[in-house]
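> Below are the structure tokens for one structure; questions will follow.
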Amino acid sequence: MTDLDWVPDGIDTSRPSAARVYDYFLGGSHHLPVDRELAGHIEAMTPDIGATMRANRAFLQRAVRFLARAGVRQYLDIGSGIPATGNVHEIAQAEAPGSAVVYVDVDPVAVEHSRAILADVPATGVVLADARDTELVLSATAELGLIDFGQPVAVLLAGVLHFVPDEANPAGIVAGLRAAVGPGSHLVISHATADGQPPEVIEAQKLSSRTGTGIVLRSHAEIASWFDGFPLVEPGLVHIPLWRPEPGEAVGHPERFGAYAGVGTA
Ligand SMILES: C[S@@+](CC[C@H](N)C(=O)[O-])C[C@H]1O[C@@H](n2cnc3c(N)ncnc32)[C@H](O)[C@@H]1O
């Protein structure tokens with residue numbers, strides 16, 4: 001144990017983690033000097049990165065609110081991250097008390113902190129698993145008994161699939177998840193892209209490999225292909241600030257946000 005009581009035993013504190021770097025950019029309190037150092041390097045190269053991450057979080061929140069208002073009552077949030085403000089269960093349960101939310105992450109800090117804040121929250125659960133192991137994600141989720149896969153489920157993959165390398169077949173992972181959920185289910189994806197981005201974004205991408213889970217930037221066409229059988233709701237797969245912004249949320253140069261977001265419904 002380090003002197004920080006939220007750091008789980010056994011984690012390598014000399015190496016930055018994607019979850020903690022994201023937490024830093026969101027203004028959270030679960031990051032170490034090594035994470036802040038990497039965040040500083042990335043930010044020096046791509047000053048829009050913090051705004052992109054906050055816009056990603058805001059997209060996730062809008063998408064969950066949209067789905068909750070459309071009647072969704074079950075959420076499988078994969079690559080859920082370290083709890084921050086406006087977590088999925090808070091938004092879903094504010095709209096519809098009792099909505100079931102299962103959080104899945106590969107990062108021990110994200111999982112431990114999620115377990116701590118959810119201990120007394122009904123209809124929620126946490127799974128430590130790698131998204132690349134779809135079978136484990138689904139079986140461990142089923143074991144919790146919170147989600148009925150015969151009923152519509154919203155599968156949330158916000159800001160996570162760019163951590164999955166091509167060799168791990170992200171298209172196959174999403175296909176496996178689509179096949180596991182019933183009619184009327186939904187797929188939410190946000191993903192980093194190089195489309196239209198300046199060269200320094202590509203350079204900054206290389207820094208992400210220091211976390212052990214480097215980022216793969218993908219094209220609009222590739223990300224859109226993962227919605228097979230889940231047609232995108234309006235406005236389609238768009239730069240993240242453009243996905244149904246709420247009043248006052250519109251931004252001037254959405255193309256500067258190097259990530260796409262979309263929601264598909266089966
Ligand atoms: C950028 S954060 C996104 C958090 C949250 N989904 C959001 O959009 O606000 C990415 C999260 O994905 C997790 N992650 C990265 N690779 C993963 C994998 N292979 N399996 C599960 N989680 C993963 C990281 O640990 C991190 O918590």
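> Could you run through segment 118-129 and say how many residues are within 14 Å of the ligand (Cβ to nearest atom) and not β-branched (Val, Ile, Thr)? Walk me through it before giving the result.
Step one: list which residues in segment 118-129 are within 14 Å of the ligand (Cβ to nearest atom), which gives 126-129.
Checking which are not β-branched (Val, Ile, Thr) leaves us with 128-129.
Count: 2.
> Here's a follow-up. Pairs only if they're at least six apart or on different chains, beta carbon under 8 angstrom, first in segment 11-24 and within 11 Å of the ligand (Cβ to nearest atom), second open to solvent by 10 Å² or more (accessible area, probe 1.4 Å) and acidic (Asp, Glu); list them, first residue then second.
Short answer, once both residue conditions are applied: Ser17/Asp107; Ala18/Asp107; Ala19/Asp105; Ala19/Asp107; Arg20/Asp107.
> Do the conditions hold for Ser99, that is, is it within 14 Å of the ligand (Cβ to nearest atom) and not acidic (Asp, Glu)? Lay out the reasoning, then the answer.
Numbers: within 14 Å of the ligand (Cβ to nearest atom): no; not acidic (Asp, Glu): yes.
Here the answer is no, as Ser99 does not meet what is asked.
> Determine, yes or no, whether Ala18 is open to solvent by 20 Å² or more (accessible area, probe 1.4 Å), under 27 Å from Leu187 (Cα atoms) and out of contact with any helix residue (DSSP H, G or I) (no Cβ under 7 Å at 6 or more places or on another chain). Break it down into steps so the answer makes sense when it comes.
Working: open to solvent by 20 Å² or more (accessible area, probe 1.4 Å): yes; under 27 Å from Leu187 (Cα atoms): yes; out of contact with any helix residue (DSSP H, G or I) (no Cβ under 7 Å at 6 or more places or on another chain): no.
Judged against the criteria, Ala18 is not a match.
> Among the candidates Arg132, Arg115, which residue alone is open to solvent by 60 Å² or more (accessible area, probe 1.4 Å), closer than 25 Å to Pro16 by Cα, within 12 Å of the ligand (Cβ to nearest atom) and under 18 Å from the mean Cα position of the chain (by Cα)?
Working: Arg115 fails: within 12 Å of the ligand (Cβ to nearest atom).
Among Arg132, Arg115, only Arg132 is open to solvent by 60 Å² or more (accessible area, probe 1.4 Å), closer than 25 Å to Pro16 by Cα, within 12 Å of the ligand (Cβ to nearest atom) and under 18 Å from the mean Cα position of the chain (by Cα).
> Considering every residue within segment 31-42, establish whether at least one is within 22 Å of His253 (Cβ to Cβ), more than 10 Å from the ligand (Cβ to nearest atom), β-branched (Val, Ile, Thr) and not in a helix (DSSP H, G or I).
no
> I've got another one for you. For segment 237-265, enumerate the residues that are within 18 Å of the chain's Cα centre (by Cα) and free of Cβ contacts under 8 Å to residues at least 60 places away in the same chain.
Those that are within 18 Å of the chain's Cα centre (by Cα) and free of Cβ contacts under 8 Å to residues at least 60 places away in the same chain: Leu237, Val238, His239, Leu242.
> Could you check segment 4-35 and list, in sequence order, the residues that are among the aromatic types (Phe, Trp, Tyr) and over 21 Å from the mean Cα position of the chain (by Cα)? First the steps, then the outcome.
Looking only at segment 4-35, we keep the residues that are among the aromatic types (Phe, Trp, Tyr), and these are 6, 22, 24-25.
Once the filter is applied, which keeps residues that are among the aromatic types (Phe, Trp, Tyr) and over 21 Å from the mean Cα position of the chain (by Cα), segment 4-35 yields only Trp6.
> Can you pull out every residue in segment 59-90 that is small (Gly, Ala, Ser) and open to solvent by less than 20 Å² (accessible area, probe 1.4 Å)?
Ala63, Ala68, Ser80, Gly81
> If I filter segment 91-112 down to residues being assigned to a loop (DSSP other than H, G, I, E, B) and of a type outside the set (Asp, Glu), which single residue comes out as most open to solvent (accessible area, probe 1.4 Å)?
Quick first cut of segment 91-112, residues assigned to a loop (DSSP other than H, G, I, E, B) only: 96-99, 106-107.
When the remaining residues are screened for being of a type outside the set (Asp, Glu), the result is 96-99, 106.
Details: Ala96: 8, Pro97: 117, Gly98: 57, Ser99: 2, Val106: 83 Å².
Here the residue is Pro97.
> Go through segment 188-207 residue by residue and tally those that are farther than 15 Å from His239 by Cα and more than 14 Å from the ligand (Cβ to nearest atom).
Of the residues in segment 188-207, the ones farther than 15 Å from His239 by Cα are 198-207.
Pick out the ones that are also more than 14 Å from the ligand (Cβ to nearest atom) and you get 198-204, 206-207.
Result for segment 188-207: 9.
> Taking Arg57 and the conditions (1) of a type in the set (D, E, K, R); (2) part of a loop (DSSP other than H, G, I, E, B); (3) at pLDDT 95 or above, which numbered condition does it fall short on, given that it satisfies the others?
Evaluating Arg57 over (1) of a type in the set (D, E, K, R); (2) part of a loop (DSSP other than H, G, I, E, B); (3) at pLDDT 95 or above leaves (2) as the failure.
> Can you tell me how many residues in segment 43-54 are in a helix (DSSP H, G or I) and open to solvent by 10 Å² or more (accessible area, probe 1.4 Å)? Quick ask: steps written out before the conclusion?
Of segment 43-54, the ones in a helix (DSSP H, G or I) are 43-45, 49-54.
Within this subset, residues satisfying the condition of being open to solvent by 10 Å² or more (accessible area, probe 1.4 Å) are 43-45, 49, 51-54.
Qualifying residue count for the region: 8.
> If you go through segment 144-193, how many residues are closer than 28 Å to Ala119 by Cβ, in a loop (DSSP other than H, G, I, E, B) and under 17 Å from the mean Cα position of the chain (by Cα)?
Count: 3.
> Among residues belonging to segment 222-250 that are open to solvent by 60 Å² or more (accessible area, probe 1.4 Å) and of a type in the set (A, V, I, L, M, F, W, C), point out the one that is modelled with the lowest pLDDT.
Of everything passing the filter in segment 222-250, Ala250 is modelled with the lowest pLDDT.
The values are calculated or read from the model by the stated rules, or taken from the named source; none is laboratory data. Quantities reported herein were computed from a predicted structural model and do not represent experimental measurements. Because the Cβ atoms are built from the backbone with ideal geometry, glycine has one as well, and the counts that use them run over all protein chains shown. Keep in mind that these areas ignore ligands, DNA and RNA; they rest on the heavy atoms of the full protein, side chains included. Shrake-Rupley method; radii C 1.70, N 1.55, O 1.52, S 1.80 Å.
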